[in-house]
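One structure below.
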Amino acid sequence: MGNRLDARHTELHASNAQQLLQESAVVVDAFDNREAREAIGQAAMALHIRCLHIALGGRGDYGCGLWDQDYITEGRTPAYDGCNYPLTRPLVLLVVAAAAEVIHTYLTDRTCHGFEVTLRDLHLWKST
């Protein structure tokens, strides 16, 4: 495919996000805080780079992968720590596996699929 992963151990801020992302083919946002999610989303949008936002719900029983146009940063912090939910680890593995498939599809044919995973069902769709 000609794409490579460039993992960096750098703190991302609104002030350096565009510089860090500027030659990316796709961006994956897995941050756990609103400020970083907003910074990466705004930088990707400014650079015209597709961004897949992956996340777990606040109760630890829901995960999703939403492309930039479908993603909305929530303005509140959940009162419940989802990482303490007993089935969070299997859910994380499902979210990561679904994200890997979605990213592979995007890099192969530029088709954007979003996904939602709960402990009871899985839903995949083609994004616009």
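The values are calculated or read from the model by the stated rules, or taken from the named source; none is laboratory data. Nothing here was measured: the structure is a model prediction, and the numbers come from that model. In this analysis, Cβ positions are derived from the backbone assuming ideal geometry, glycine residues included, and neighbour counts consider all displayed protein chains.
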Hey, any hits in segment 113-125 for a residue that's at pLDDT 75 or above, of a type in the set (S, T, Y) and surrounded by fewer than 12 Cβ atoms within 10 Å (Cβ to Cβ)? no
I'd like the residue in segment 27-51 that is farther than 20 Å from V92 by Cβ and among the charged types (D, E, K, R) and, out of all such residues, is modelled with the lowest pLDDT. E35
Restricting to segment 74-112, give me the number of residues that are closer than 22 Å to G41 by Cα, among the polar types (S, T, N, Q) and at pLDDT below 80. 1
Name the pairs whose Cβ atoms lie under 6 Å apart, with the first residue in segment 109-128 and over 20 Å from L56 (Cα atoms), the second of a type in the set (S, T, N, Q) and modelled with pLDDT of 85 or more, and 6 or more positions between them or separate chains? T111/T105
Segment 7-18: number of residues that are surrounded by 10 or more Cβ atoms within 10 Å (Cβ to Cβ) and either touching a Phe, Trp or Tyr at 6+ places or on another chain (Cβ under 9 Å) or farther than 15 Å from E35 by Cβ (or both): 2
For segment 46-74, the count of residues that are in contact (Cβ under 8 Å) with a residue 24 or more places away in the chain and in a loop (DSSP other than H, G, I, E, B) equals 11
Out of the residues in segment 1-34 that are part of a loop (DSSP other than H, G, I, E, B) and of a type in the set (D, E, K, R), state the one that is nearest to the chain's Cα centre (by Cα). D32
